[in-house]
Structure formats: C-alpha cells, structure tokens
Ligand code: SF4
C-alpha cells in the first residue's frame with residue numbers, strides 16, 4: 001500500500017511512476033478503501049453532477065436567506081454581465097457567478113457539496129465547471145480535476161483541521177482556493193510540479209485569514225469570500241503555469257498555516273467575538289437578528 005501523507009510523498013510517487021497526481025490519488029484511495037478506481041470515479045462524477053445542479057439552481061434564484069443578509073448577489077452579477085460592460089472576460093464572469101450561485105444555495109439550505117467545507121463550497125465547483133464550459137473540456141477532464149482538488153485538501157487536512165473554528169478561514173476558503181488552483185492546472189494538463197506550485201502559491205498568500213462570521217451565520221463575510229477566492233485560484237494557476245514557483249515548499253507552508261492557526265486568537269476562529277463580527281454594524285446586525293429569532297420562536 002502506498003504511503004502518501006505529504007505533498008512531497010505525493011509528488012515523488014507520481015514522478016517515479018510517471019503518472020499524474022490524480023492517477024496516484026485515485027489509485028491510493030482505491031488501495032485504502034478497497035473500492036475500484038472505476039467506482040471512485042463514479043462517486044466523483046456524482047459529486048460533480050451535484051455541484052452542477054447547485055450552480056444551475058443558484059443561477060436561477062434570488063431568494064434571500066432567512067436572516068435577509070444575503071442571497072441576491074449572484075443575480076446582481078448576472079444583471080451586470082448582461083450589460084456587456086464587465087471588466088472580466090466570459091470565463092472569469094462564469095467563475096465569479098458560479099461561486100456565488102453555489103454558496104447562495106448553501107445559505108438557502110439547498111444541496112451543495114462541501115469542498116472542503118460548506119462555508120467554502122462555492123470555490124472549487126465554480127473554477128472547475130466554469131472553466132470546463134469555457135474551454136469545452138469533457139467530463140473525464142472535470143473528474144480528473146476534481147480528484148486533483150480532493151487530494152490537495154486531503155493532504156492539507158493531514159496536518160491542519162479544515163475548520164474555521166480550529167484554524168480560521170485560511171483552512172476553509174483558503175484551502176478551497178488552493179484545491180481549485182491545482183484543479184485548474186490539471187484541466188490545462190499542467191505538470192505535477194505546476195499543480196503543486198499552484199496550490200502552494202495560493203495557500204501561501206491566504207495565510208492568516210480569520211473566521212469572523214457576523215451573528216455566527218455562514219453568510220457575512222463568507223458569501224463574498226467564495227467569489228473572491230474563486231478568482232484568486234485562477235491567479236494561483238496562472239502563476240504556476242507561467243513557471244512561477246513558491247520559494248517555500250508546500251509542506252512547509254501547511255506547517256506554517258497550522259502554526260498560524262494555533263497562534264490565532266479564539267476570538268478570530270468562528271466564535272464571532274472579533275473581526276467583522278464585532279464591528280459596530282456587525283454587532284447591530286447580530287442584535288437585530290437575535291430579536292428576530294425571538295419573535296419567530
Ligand atoms: S469566515 Fe468562517 S464560517 Fe465563513 S467561510 Fe470562512 S471559515 Fe467558514
């Protein structure tokens with residue numbers, strides 16, 4: 001059985017077997033679970049289809065969350081893109097709208113795929129599906145990309161809990177962005193080195209992002225953060241495919257993220273006791289919602 005606990009081990013195994021990272025990931029998963037590679041790919045396909053369904057529903061809805069804080073930003077973006085005035089080209093527009101479409105489905109309690117978490121669910125699907133549509137990539141390419149994203153998240157999670165309550169938003173939206181960057185390089189048939197560079201560059205530059213949800217809801221700043229970090233993933237992939245490398249190796253970046261997560265005050269780890277949650281407006285929203293919940297109950 002293969003031992004793959006670090007990115008270095010993943011890279012070395014892939015290089016020595018002359019395989020892509022997704023091939024090693026699916027082979028490893030198959031050996032660990034005793035499920036065939038075909039069945040694993042079928043399961044990934046089901047997740048991909050669930051992501052596509054969430055995007056479709058999200059693009060069609062303007063329904064706000066129960067709090068009333070979020071839910072119509074995707075519709076606003078779509079409206080803007082109809083005008084033909086956007087700074088973004090079509091693929092970027094899709095990445096941004098698909099990220100909002102998915103995360104807004106999450107706050108409507110719709111079905112989404114946590115990747116790696118519900119609060120960061122918009123990033124990976126937006127990048128893979130929007131780019132696949134834009135370049136005409138086939139389903140197998142999308143599955144390869146999603147497996148690549150998965151193994152990035154899996155290896156980070158060996159050292160760092162993927163939860164805002166443990167390590168801040170760097171470990172949710174930050175990791176999702178790195179997963180998406182790596183997936184995007186795979187879609188463009190980049191090398192294994194470029195795939196890991198994309199993840200490394202993305203992770204490194206999101207380090208220290210705090211988790212400070214207003215009123216304890218996965219809405220503010222979470223929704224917009226999905227849009228920003230989906231676009232950010234494209235930057236990571238572009239840099240890597242240009243041959244730009246991270247000076248710090250990715251395993252060391254994850255160690256540093258863990259350290260930063262441990263040093264982060266508990267007030268900035270999902271407790272809503274700091275950051276945006278305790279701004280004047282954040283506290284006002286929190287008090288108003290507390291009153292609203294009382295009346296509902
Ligand atoms: S701010 Fe916190 S709750 Fe919101 S997505 Fe990030 S980690 Fe999750």
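Can you list the helices (runs of 4 or more DSSP H) found entirely within the range 159-206 that contain at least 3 residues being within 16 Å of the ligand (Cβ to nearest atom) and without any contact (Cβ under 8 Å) to a residue 60 or more places away in the chain?
Values: elements: 164-167, 173-187, 192-204.
Counting at least 3 such residues, we get 173-187.
Report yes if some residue within the range 213-226 is crowded, with 21+ Cβ neighbours inside 10 Å, assigned to a strand (DSSP E or B) and within 16 Å of the ligand (Cβ to nearest atom); otherwise report no.
No: zero hits.
Go through (1) in a loop (DSSP other than H, G, I, E, B); (2) under 21 Å from the mean Cα position of the chain (by Cα); (3) surrounded by 16 or more Cβ atoms within 10 Å (Cβ to Cβ) one by one and return the number of the condition residue 69 breaks.
So residue 69 meets the others, but not (2).
Would you mention how many residues in the range 244-261 are more than 15 Å from the ligand (Cβ to nearest atom) and touching a residue at least 40 places away in the same chain (Cβ under 8 Å)?
Let us first name the residues in the range 244-261 that are more than 15 Å from the ligand (Cβ to nearest atom), namely 244-256, 258-259.
Applying the additional criterion that residues be touching a residue at least 40 places away in the same chain (Cβ under 8 Å) yields 244-246, 248-251, 253-256, 258.
Of the residues in the range 244-261, 12 are more than 15 Å from the ligand (Cβ to nearest atom) and touching a residue at least 40 places away in the same chain (Cβ under 8 Å).
Name the pairs whose Cβ atoms lie under 6 Å apart, with the first residue in the range 32-53 and farther than 17 Å from residue 148 by Cβ, the second surrounded by 12 or more Cβ atoms within 10 Å (Cβ to Cβ) and modelled with pLDDT under 95, and 6 or more positions between them or separate chains?
none
The values are calculated or read from the model by the stated rules, or taken from the named source; none is laboratory data. Not measured: the values here are computed from a predicted model. Cβ atoms come from the backbone with ideal geometry, glycine included; neighbour counts cover every protein chain shown.
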